[in-house]
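The values are calculated or read from the model by the stated rules, or taken from the named source; none is laboratory data. Predicted, not measured: the structure shown is a model, and the values here were computed from it. In this analysis, Cβ positions are derived from the backbone assuming ideal geometry, glycine residues included, and neighbour counts consider all displayed protein chains.
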């Protein structure tokens, strides 16, 4: 009888695995005592992008509504001076390297003093460092996406002088963040890692499962409420940010 029961459990588990039945299920608001709580869908990250240095905008490679990947070039400042500086330092580095190579045989034969050898090697190292500095200064004229997302706004135009002026705004839409304000009576009923059912308003009009990733430890005494935040996967960016939702 015991063996038969074990086989039955194994058979049921196998069917569940084949059917793709998840081991965990989403809680409902009614189960947790927070039924019909309003919430808001927001980007998980927002960034207002500017330049590290003042200058004239040379080119903006993206436009509002375009998706970008982390590391993509977003805009550049005019950089003719920095490009010329890097070429100059590269030439100095090449010269210092050739000079050291020309004297290599004399160094091996001990025909140069220690101070002369030190001067040759130091000149080469200083030229290399100057080249690295010139490259870094050139890189500062280019702005790259700090994370993957969508360009939402453009504040500057090509040819415009900027000085800590916002140029673009970037929003991360996958995943999305959901924020809900819960009554004090629900405190302790929701924990980080809980999966809740969320109904999204128009134009989505669908329900999804979202995972709680933050529960505020501070209660708002005046309203008797606290805030929870959930994460909602949005791999195809099909869910827009800024829509209302409710926990149920």
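Which ones in segment 154-165 are within 10 Å of residue 49 (Cα to Cα) and exposed (fewer than 14 other Cβ atoms within 10 Å of the Cβ)?
164, 165
Looking at segment 168-176, is at least one residue modelled with pLDDT under 95 and either more than 21 Å from residue 219 (Cβ to Cβ) or surrounded by fewer than 17 Cβ atoms within 10 Å (Cβ to Cβ) (or both)?
The answer is no; no qualifying residue exists.
Being under 17 Å from residue 158 (Cα atoms) and part of a strand (DSSP E or B) narrows it down to one of 41, 62, 57, so name that one.
The conditions single out 57.
For segment 92-105, what are the residues that are in contact with a helix residue (DSSP H, G or I) (Cβ under 9 Å, 6 or more places away or on another chain) and in a helix (DSSP H, G or I)?
Across segment 92-105, the qualifying residues are 92, 93, 94, 95, 96, 97, 99, 100.
Consider residue 197 against the criteria (1) assigned by TED's automatic domain parsing to the domain that holds residue 41; (2) outside any strand (DSSP E or B); (3) touching a residue at least 12 places away in the same chain (Cβ under 8 Å): it satisfies all of them except one. Which criterion is unmet?
(2)
Say whether the condition of being under 15 Å from residue 49 (Cα atoms) and either out of contact with any strand residue (DSSP E or B) (no Cβ under 8 Å at 6 or more places or on another chain) or surrounded by 15 or more Cβ atoms within 10 Å (Cβ to Cβ) (or both) is met by at least one residue in segment 127-138.
no
In segment 203-222, what residues are in a loop (DSSP other than H, G, I, E, B) and touching a residue at least 12 places away in the same chain (Cβ under 8 Å)?
The answer is 203, 204, 216, 219.
Out of the residues in segment 195-220 meeting the condition of being under 24 Å from the mean Cα position of the chain (by Cα) and more than 19 Å from residue 174 (Cα to Cα), tell me which one is surrounded by the fewest Cβ atoms within 10 Å (Cβ to Cβ).
The extreme case among them is 216.
Does residue 189 fit the bill of being surrounded by 12 or more Cβ atoms within 10 Å (Cβ to Cβ), touching a helix residue (DSSP H, G or I) at 6+ places or on another chain (Cβ under 8 Å), in contact (Cβ under 8 Å) with a residue 60 or more places away in the chain and not in a strand (DSSP E or B)?
Spelling it out, residue 189 is indeed surrounded by 12 or more Cβ atoms within 10 Å (Cβ to Cβ), touching a helix residue (DSSP H, G or I) at 6+ places or on another chain (Cβ under 8 Å), in contact (Cβ under 8 Å) with a residue 60 or more places away in the chain and not in a strand (DSSP E or B).
Identify, from the list 169, 211, 197, 179, the residue that is within 30 Å of residue 55 (Cα to Cα) and in contact with a strand residue (DSSP E or B) (Cβ under 8 Å, 6 or more places away or on another chain).
Exactly one residue qualifies, and that residue is 169.
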